[in-house]
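A.B. asks: Sharing a structure, written as structure tokens. Questions coming.
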Amino acid sequence: MKTEATRRTGKESAVHAPSSTGTVGVASAVAGGHEGRTRAAVVKLLLEEGPITASEIGTRLGLSAAGVRRHLDALLESGEAREVSASGTRHRGRGRPAKYFQITAKGRGRLGHAYDDLAGAAMRQLREVGGDAAITDFARRRVQAIIGDVTPAADQGAEGLEATADAIAGAFSTAGFAASTRRVGNGVQICQHHCPVSHVAEEFPELCDAEQEAFAQLLGTHVQRLATIANGDCACTTHVPLVPPASPK
């Protein structure tokens with residue numbers, strides 16, 4: 001999901017961050033009103049687009065360099081954002097490469113884990129009563145509640161697979177996962193930039209396994225989980241190959 005650039009007015013724009021990504025919780029944690037909404041918009045970009053440069057943040061949100069720097073400094077000081085290496089990014093021209101920023105686990109932790117303790121306790125009780133099978137069944141039902149309206153890929157062509165991957169990402173974004181897709185080489189990656197249940201998934205990996213299983217069923221092809229927020233990564237990333245593997249000779 002791309003944040004639309006706001007019109008410059010000579011002052012910082014009061015950008016409202018959609019509550020579907022959970023960034024409203026951050027807004028309430030900082031100064032209220034105008035500053036809080038702008039800070040939440042910066043956090044939203046770090047969450048969904050990071051690593052991202054200060055210049056890109058300013059362009060997307062219509063903020064001055066000083067305004068971006070003030071918000072980034074506050075997030076860096078609180079440990080909610082961090083500066084990361086520019087390795088792997090494209091550096092054009094001469095001069096010093098731009099600095100990149102992304103949200104940290106602490107910053108993500110402010111985005112809506114209020115019911116983690118209750119959910120974890122409920123899952124542990126469910127396991128005591130029904131065993132591992134009950135946890136697996138619950139995880140599968142939970143995923144189906146999210147992607148139940150997504151139509152399975154009609155064919156294994158690249159266009160059909162990519163369209164279904166986009167639909168999966170859209171369904172997960174609606175459920176608060178801030179998901180998107182991107183083309184990488186001969187495949188497409190489904191990226192979930194936020195996970196409302198990541199703290200619970202650390203203890204119950206069946207939640208992540210059920211997502212991967214559902215993706216494979218909808219796409220009708222093998223998919224590979226490359227990273228998960230529950231394991232400390234910056235996003236949950238699932239790779240979907242768009243080119244069938246070569247048949248062995």
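The values are calculated or read from the model by the stated rules, or taken from the named source; none is laboratory data. Remember, predicted model here, so these are calculated numbers, not experimental data. Using ideal geometry, Cβ is built from the backbone for each residue, glycine included, and neighbour counts are taken over all protein chains shown. Note: accessible area is taken over every heavy atom of the protein model, side chains too, but ligands, DNA and RNA are not part of it. Shrake-Rupley method; radii C 1.70, N 1.55, O 1.52, S 1.80 Å.
A.B. asks: One residue is enough: does segment 211-223 have a residue meeting the conditions at pLDDT 95 or above and assigned to a loop (DSSP other than H, G, I, E, B)?
C.D. replies: Looking through segment 211-223, at least one residue is at pLDDT 95 or above and assigned to a loop (DSSP other than H, G, I, E, B).
A.B. asks: Also: Could you count how many residues in segment 22-39 are modelled with pLDDT of 85 or more and either hydroxyl-bearing (S, T, Y) or closer than 13 Å to R108 by Cα (or both)?
C.D. replies: Of the residues in segment 22-39, 1 are modelled with pLDDT of 85 or more and either hydroxyl-bearing (S, T, Y) or closer than 13 Å to R108 by Cα (or both).
A.B. asks: Given the residues R60, R82, R96, R70, which is the only one that is at pLDDT below 85 and of a type in the set (D, E, K, R)?
C.D. replies: Result: R96 is the single residue among R60, R82, R96, R70 that is at pLDDT below 85 and of a type in the set (D, E, K, R).
A.B. asks: Here's a follow-up. Tell me yes or no: at least one residue of segment 228-247 is assigned to a loop (DSSP other than H, G, I, E, B), in contact with a helix residue (DSSP H, G or I) (Cβ under 7 Å, 6 or more places away or on another chain) and over 21 Å from P51 (Cα atoms).
C.D. replies: Checking segment 228-247: at least one residue is assigned to a loop (DSSP other than H, G, I, E, B), in contact with a helix residue (DSSP H, G or I) (Cβ under 7 Å, 6 or more places away or on another chain) and over 21 Å from P51 (Cα atoms).
A.B. asks: Evaluate segment 8-16: report whether one residue or more is among the basic types (K, R) and modelled with pLDDT under 50.
C.D. replies: Yes, some residue in segment 8-16 is among the basic types (K, R) and modelled with pLDDT under 50.
A.B. asks: Okay, moving on. In segment 172-185, how many are part of a helix (DSSP H, G or I) and touching a residue at least 60 places away in the same chain (Cβ under 8 Å)? I'd like the intermediate steps shown before the answer.
C.D. replies: If we filter segment 172-185 for residues that are part of a helix (DSSP H, G or I), which is where we start, we get 172-174.
Those still in the list that are touching a residue at least 60 places away in the same chain (Cβ under 8 Å) too: 173-174.
Total satisfying the criteria: 2.
A.B. asks: To continue, here is another question. When you check R140 against the structure, is it open to solvent by 30 Å² or more (accessible area, probe 1.4 Å), under 16 Å from A235 (Cα atoms) and at pLDDT 90 or above, yes or no?
C.D. replies: no
Here's the yes/no breakdown for (1) within 18 Å of the chain's Cα centre (by Cα); (2) crowded, with 18+ Cβ neighbours inside 10 Å; (3) part of a loop (DSSP other than H, G, I, E, B):
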residue	(1), (2), (3)
R127	no, no, no
G130	no, no, no
T136	no, no, no
Q144	no, no, no
A153	no, yes, yes
Q156	no, no, yes
L161	no, yes, no
G170	yes, no, no
A201	yes, yes, no
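A.B. asks: Against the condition under 26 Å from V43 (Cβ atoms), hydroxyl-bearing (S, T, Y) and touching a strand residue (DSSP E or B) at 6+ places or on another chain (Cβ under 9 Å), how does T237 come out, does it pass? Explain how you work it out, then say what you get.
C.D. replies: Values: under 26 Å from V43 (Cβ atoms): yes; hydroxyl-bearing (S, T, Y): yes; touching a strand residue (DSSP E or B) at 6+ places or on another chain (Cβ under 9 Å): yes.
When the stated conditions are applied, T237 passes them.
A.B. asks: Something else about it: What's the total number of residues in segment 45-90 that are open to solvent by 10 Å² or more (accessible area, probe 1.4 Å) and assigned to a helix (DSSP H, G or I)?
C.D. replies: Of the residues in segment 45-90, 16 are open to solvent by 10 Å² or more (accessible area, probe 1.4 Å) and assigned to a helix (DSSP H, G or I).
A.B. asks: Is it the case, given these coordinates, that V42 is at pLDDT 85 or above and under 27 Å from A230 (Cβ atoms)?
C.D. replies: So V42 fits the description; yes.
A.B. asks: State yes or no: is V188 part of a strand (DSSP E or B) and at pLDDT 95 or above?
C.D. replies: Answer is yes for this residue.
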